[in-house]
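Here's the structure, in C-alpha coordinates; my notes come after.
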Amino acid sequence: MDIDWDGITHVTKVDPAKPLPSDLTVLSGTDLVIVGGSDDVTEANTLEAIRAMKERFPELPVFQEPYSSAHVSRETIEAADYLSIPAVYNGDREHFVGKHVDLFTQVGRKPGELIGSSLPVVGDLIASKGIDAISELATNLIGEGYVVQHLESAAATTSGVDTTYTPEQVAGAALATETFYGFPIFYVEYSGTYGGPEDVAAAARYLEETTLLYGGGIDSQQKATEILEAGADAVVVGDCFHDDPETFRDTIPE
Ligand code: 1GP
(Lines give C-alpha, C1' and ligand atoms only; values in the text may rest on other atoms or scores of the structure.)
Protein backbone atom coordinates (compact mmCIF):
# COMPACT_ATOMS: atom_id res chain seq x y z
CA MET A 1 0.00 0.00 0.00
CA ASP A 2 1.41 3.42 -0.95
CA ILE A 3 0.91 6.17 1.57
CA ASP A 4 -0.30 9.52 0.30
CA TRP A 5 0.92 11.78 3.08
CA ASP A 6 -0.87 14.79 1.58
CA GLY A 7 -4.18 13.34 2.69
CA ILE A 8 -3.10 12.48 6.24
CA THR A 9 -3.80 14.98 9.01
CA HIS A 10 -5.05 12.69 11.79
CA VAL A 11 -3.26 9.61 13.06
CA THR A 12 -4.49 7.28 15.81
CA LYS A 13 -1.93 5.55 18.00
CA VAL A 14 -3.47 2.29 19.14
CA ASP A 15 -1.81 0.80 22.21
CA PRO A 16 -2.04 -2.99 21.84
CA ALA A 17 -1.81 -3.44 25.62
CA LYS A 18 -5.00 -1.44 26.20
CA PRO A 19 -8.55 -2.55 25.41
CA LEU A 20 -10.11 -1.12 22.27
CA PRO A 21 -13.21 1.06 22.60
CA SER A 22 -16.36 -0.97 22.10
CA ASP A 23 -17.49 1.27 19.25
CA LEU A 24 -14.75 1.40 16.61
CA THR A 25 -16.76 3.67 14.32
CA VAL A 26 -14.94 6.57 16.01
CA LEU A 27 -12.01 5.61 13.79
CA SER A 28 -13.85 6.26 10.58
CA GLY A 29 -12.42 9.81 10.26
CA THR A 30 -8.81 9.00 11.06
CA ASP A 31 -6.31 8.71 8.20
CA LEU A 32 -3.74 6.29 9.57
CA VAL A 33 -3.33 3.93 12.52
CA ILE A 34 -0.03 3.27 14.28
CA VAL A 35 -0.08 0.21 16.51
CA GLY A 36 2.48 0.57 19.27
CA GLY A 37 2.99 1.40 22.91
CA SER A 38 5.72 1.54 25.53
CA ASP A 39 4.45 -0.87 28.21
CA ASP A 40 3.30 -4.51 28.14
CA VAL A 41 3.43 -4.79 24.37
CA THR A 42 3.79 -8.31 22.97
CA GLU A 43 3.83 -9.84 19.52
CA ALA A 44 0.44 -11.43 20.25
CA ASN A 45 -1.39 -8.29 21.40
CA THR A 46 0.20 -6.32 18.55
CA LEU A 47 -1.02 -8.83 15.99
CA GLU A 48 -4.48 -8.85 17.52
CA ALA A 49 -4.71 -5.04 17.36
CA ILE A 50 -3.46 -4.86 13.75
CA ARG A 51 -5.93 -7.54 12.67
CA ALA A 52 -8.82 -5.84 14.49
CA MET A 53 -8.07 -2.63 12.58
CA LYS A 54 -7.68 -4.32 9.21
CA GLU A 55 -10.82 -6.38 9.66
CA ARG A 56 -12.93 -3.33 10.44
CA PHE A 57 -11.20 -0.82 8.11
CA PRO A 58 -9.40 -2.69 5.31
CA GLU A 59 -8.51 0.53 3.46
CA LEU A 60 -7.00 2.28 6.45
CA PRO A 61 -3.18 2.21 6.45
CA VAL A 62 -1.81 0.49 9.56
CA PHE A 63 1.78 0.81 10.78
CA GLN A 64 3.36 -1.39 13.39
CA GLU A 65 5.72 0.63 15.58
CA PRO A 66 7.60 -1.86 17.79
CA TYR A 67 10.05 -0.97 20.53
CA SER A 68 11.57 -4.43 20.49
CA SER A 69 12.24 -6.92 17.72
CA ALA A 70 10.37 -9.44 19.89
CA HIS A 71 7.14 -7.69 18.85
CA VAL A 72 7.80 -8.36 15.19
CA SER A 73 6.95 -11.62 13.48
CA ARG A 74 6.23 -12.79 9.99
CA GLU A 75 2.53 -12.46 10.85
CA THR A 76 2.79 -8.87 12.07
CA ILE A 77 4.87 -7.88 9.03
CA GLU A 78 2.29 -9.41 6.74
CA ALA A 79 -0.72 -8.00 8.61
CA ALA A 80 0.52 -4.38 8.83
CA ASP A 81 1.26 -2.15 5.83
CA TYR A 82 4.52 -0.77 7.20
CA LEU A 83 6.93 -1.29 10.02
CA SER A 84 7.84 2.11 11.46
CA ILE A 85 10.97 2.21 13.54
CA PRO A 86 11.69 5.11 15.89
CA ALA A 87 15.20 6.55 16.09
CA VAL A 88 15.26 8.78 19.16
CA TYR A 89 17.60 11.75 18.77
CA ASN A 90 17.63 12.56 22.48
CA GLY A 91 17.57 8.93 23.60
CA ASP A 92 20.50 6.67 24.45
CA ARG A 93 22.80 5.23 21.80
CA GLU A 94 20.89 1.96 21.74
CA HIS A 95 17.79 3.83 20.53
CA PHE A 96 19.45 5.83 17.80
CA VAL A 97 22.03 3.41 16.47
CA GLY A 98 22.31 0.12 18.36
CA LYS A 99 18.94 -1.52 17.74
CA HIS A 100 18.88 -0.47 14.12
CA VAL A 101 22.29 -1.82 13.24
CA ASP A 102 21.35 -5.08 14.98
CA LEU A 103 18.17 -5.28 12.94
CA PHE A 104 19.85 -4.59 9.61
CA THR A 105 22.70 -6.94 10.44
CA GLN A 106 20.10 -9.67 10.64
CA VAL A 107 18.23 -8.49 7.57
CA GLY A 108 21.42 -8.35 5.53
CA ARG A 109 22.57 -11.88 6.30
CA LYS A 110 22.26 -14.52 3.64
CA PRO A 111 19.41 -16.96 4.29
CA GLY A 112 21.81 -19.85 4.87
CA GLU A 113 23.48 -17.96 7.71
CA LEU A 114 20.28 -17.26 9.54
CA ILE A 115 19.81 -20.59 11.18
CA GLY A 116 20.13 -19.99 14.89
CA SER A 117 19.93 -16.24 14.36
CA SER A 118 19.47 -14.22 17.53
CA LEU A 119 16.62 -12.42 15.79
CA PRO A 120 14.63 -15.52 14.84
CA VAL A 121 11.67 -13.52 13.65
CA VAL A 122 13.52 -11.78 10.87
CA GLY A 123 15.63 -14.85 10.20
CA ASP A 124 12.53 -16.97 9.91
CA LEU A 125 10.96 -14.54 7.47
CA ILE A 126 14.01 -14.40 5.24
CA ALA A 127 14.67 -18.11 5.44
CA SER A 128 11.13 -18.79 4.30
CA LYS A 129 10.92 -16.21 1.54
CA GLY A 130 14.51 -16.09 0.40
CA ILE A 131 16.52 -13.07 -0.59
CA ASP A 132 13.45 -11.20 -1.90
CA ALA A 133 12.35 -10.80 1.69
CA ILE A 134 15.26 -8.43 2.27
CA SER A 135 14.09 -5.93 -0.30
CA GLU A 136 10.47 -6.49 0.72
CA LEU A 137 11.24 -5.79 4.34
CA ALA A 138 13.40 -2.79 3.48
CA THR A 139 10.62 -1.30 1.34
CA ASN A 140 8.09 -1.75 4.10
CA LEU A 141 10.28 -0.25 6.76
CA ILE A 142 9.98 3.44 7.63
CA GLY A 143 12.44 5.27 9.87
CA GLU A 144 11.03 7.89 12.19
CA GLY A 145 13.30 10.55 13.68
CA TYR A 146 11.87 11.12 17.17
CA VAL A 147 12.35 13.82 19.74
CA VAL A 148 10.81 12.72 23.04
CA GLN A 149 9.92 15.82 25.04
CA HIS A 150 7.99 14.49 28.06
CA LEU A 151 10.44 13.10 30.60
CA GLU A 152 7.72 11.51 32.72
CA SER A 153 6.46 9.36 29.85
CA ALA A 154 7.00 5.64 29.34
CA ALA A 155 8.37 6.54 25.90
CA ALA A 156 11.17 8.56 27.55
CA THR A 157 12.00 5.78 30.02
CA THR A 158 11.97 3.09 27.34
CA SER A 159 14.31 4.99 25.03
CA GLY A 160 16.74 6.33 27.60
CA VAL A 161 15.74 9.98 27.33
CA ASP A 162 16.93 12.08 30.25
CA THR A 163 16.94 15.54 28.73
CA THR A 164 14.51 17.32 26.48
CA TYR A 165 15.52 19.51 23.57
CA THR A 166 15.11 23.27 23.36
CA PRO A 167 13.06 24.47 20.39
CA GLU A 168 16.37 25.39 18.71
CA GLN A 169 17.61 21.82 19.15
CA VAL A 170 14.29 20.46 17.88
CA ALA A 171 14.77 22.62 14.79
CA GLY A 172 18.30 21.25 14.46
CA ALA A 173 17.08 17.65 14.70
CA ALA A 174 14.43 18.43 12.08
CA LEU A 175 17.01 19.96 9.74
CA ALA A 176 19.28 16.96 10.24
CA THR A 177 16.36 14.65 9.43
CA GLU A 178 15.55 16.52 6.24
CA THR A 179 19.07 17.01 4.94
CA PHE A 180 21.26 14.36 6.55
CA TYR A 181 19.53 11.32 8.02
CA GLY A 182 16.69 11.21 5.50
CA PHE A 183 14.02 9.61 7.71
CA PRO A 184 10.64 10.12 5.99
CA ILE A 185 9.03 11.10 9.32
CA PHE A 186 10.02 13.57 12.03
CA TYR A 187 8.00 13.02 15.20
CA VAL A 188 7.65 15.51 18.06
CA GLU A 189 6.57 13.24 20.92
CA TYR A 190 4.98 14.66 24.06
CA SER A 191 3.23 11.38 24.91
CA GLY A 192 0.76 11.93 27.76
CA THR A 193 0.94 15.72 27.92
CA TYR A 194 0.18 18.62 25.61
CA GLY A 195 3.39 20.36 24.53
CA GLY A 196 1.88 23.24 22.58
CA PRO A 197 2.91 24.45 19.14
CA GLU A 198 6.41 25.84 19.78
CA ASP A 199 8.50 22.76 18.89
CA VAL A 200 6.30 22.02 15.90
CA ALA A 201 6.73 25.54 14.55
CA ALA A 202 10.50 25.30 15.10
CA ALA A 203 10.72 21.99 13.24
CA ALA A 204 8.32 22.89 10.44
CA ARG A 205 10.59 25.66 9.14
CA TYR A 206 13.08 23.06 7.95
CA LEU A 207 10.88 20.26 6.67
CA GLU A 208 9.81 19.97 3.06
CA GLU A 209 10.19 16.33 2.09
CA THR A 210 9.82 15.01 5.64
CA THR A 211 6.40 14.41 7.19
CA LEU A 212 6.03 16.20 10.53
CA LEU A 213 3.99 14.37 13.18
CA TYR A 214 3.11 15.70 16.61
CA GLY A 215 1.72 13.48 19.39
CA GLY A 216 0.88 14.19 23.02
CA GLY A 217 -2.17 15.26 24.96
CA ILE A 218 -4.41 16.05 22.00
CA ASP A 219 -7.95 15.90 23.38
CA SER A 220 -9.81 18.63 21.51
CA GLN A 221 -10.37 20.11 18.10
CA GLN A 222 -8.76 23.32 19.33
CA LYS A 223 -5.45 21.61 20.24
CA ALA A 224 -5.43 19.61 17.01
CA THR A 225 -5.98 22.81 15.02
CA GLU A 226 -3.29 24.69 16.93
CA ILE A 227 -0.72 21.99 16.12
CA LEU A 228 -1.73 21.72 12.46
CA GLU A 229 -1.63 25.49 12.07
CA ALA A 230 1.87 25.51 13.58
CA GLY A 231 3.00 23.36 10.65
CA ALA A 232 2.49 19.70 11.60
CA ASP A 233 1.33 17.49 8.75
CA ALA A 234 -0.69 15.41 11.20
CA VAL A 235 -1.58 15.07 14.86
CA VAL A 236 -1.23 11.70 16.56
CA VAL A 237 -3.88 10.89 19.17
CA GLY A 238 -3.32 8.02 21.59
CA ASP A 239 -4.65 8.09 25.16
CA CYS A 240 -7.87 9.83 24.26
CA PHE A 241 -8.79 7.08 21.79
CA HIS A 242 -8.67 4.48 24.55
CA ASP A 243 -9.90 6.61 27.45
CA ASP A 244 -12.62 8.80 25.98
CA PRO A 245 -13.75 7.81 22.48
CA GLU A 246 -16.38 10.55 22.28
CA THR A 247 -13.81 13.26 22.92
CA PHE A 248 -11.49 11.48 20.48
CA ARG A 249 -14.07 12.03 17.77
CA ASP A 250 -13.68 15.76 18.36
CA THR A 251 -9.93 15.63 17.61
CA ILE A 252 -10.50 14.65 13.99
CA PRO A 253 -10.13 17.73 11.76
CA GLU A 254 -13.29 18.54 9.78
C1 1GP B 1 1.94 8.60 21.93
O2 1GP B 1 2.24 10.48 20.49
C3 1GP B 1 1.33 9.54 20.94
O4 1GP B 1 2.99 7.90 21.32
C5 1GP B 1 0.04 10.15 21.41
O6 1GP B 1 0.15 10.76 22.67
O7 1GP B 1 -1.25 9.31 24.13
O8 1GP B 1 -0.77 11.70 24.76
O9 1GP B 1 -2.31 11.16 22.87
P10 1GP B 1 -1.12 10.72 23.66
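The values are calculated or read from the model by the stated rules, or taken from the named source; none is laboratory data. If you're wondering where the values come from, they're calculated on a predicted model, not measured in any experiment. For neighbour counting, all protein chains shown are included, and Cβ atoms are generated from backbone atoms with ideal geometry for every residue, glycine included. Note: areas computed on protein heavy atoms with side chains; ligands, DNA, RNA excluded. Shrake-Rupley method; radii C 1.70, N 1.55, O 1.52, S 1.80 Å.
From the Cα gyration tensor of the range 5-250, with a ≥ b ≥ c the square roots of its eigenvalues, which class applies: rounded if a/c is under 1.5, or else prolate if a/b is larger than b/c, or else oblate? Taking the square roots of the gyration eigenvalues as a ≥ b ≥ c, the range 5-250 is oblate. Ligands, DNA and RNA aside, ILE8 has an accessible area near 10 Å² when probed at 1.4 Å. Pairs of lysines 8 or more apart, or on different chains, with alpha carbons under 18 Å: count those in the chain, would you? Lysine pairs, 8 or more places apart or on different chains, close enough: 4.
Let me check against my output: what whole-number percent is the relative contact order of the range 5-250, with C-alpha pairs under 8 Å and at least 6 apart?
18
Taking Cβ atoms as reference points and 10 Å as the exclusive limit, the residues near HIS242 contribute a net charge of -2, counting Lys and Arg as +1 and Asp and Glu as -1. Simple point charges give the picture: +1 on the Cβ of Lys and Arg, -1 on the Cβ of Asp and Glu, and for the range 5-250 a dipole about the Cα centre of about 680 debye. Over the chain, dividing the summed -39,500 (n - 2.57) contributions of all DSSP H runs of at least 4 residues by the number of residues returns a 222 nm mean residue ellipticity of -10000 deg cm²/dmol. Per residue, the accessible area of the chain comes to 45 Å², computed with a 1.4 Å probe over protein heavy atoms only.
Considering only LEU207, LEU137, LEU103, the mean-square fluctuation computed in a Gaussian network model of the chain, springs between alpha carbons under 10 angstrom, is largest for LEU103. Here the accessible area of the range 1-110 is 49 percent carbon and sulfur, with a 1.4 angstrom probe and all protein chains present. Per-residue surface analysis assigns TYR165 an accessible area of about 60 Å², computed on protein heavy atoms at 1.4 Å probe radius. Figure note: LEU212, LEU141 ranked by solvent-accessible area, largest first, 1.4 Å probe, ligands and nucleic acids not counted: LEU141, LEU212.
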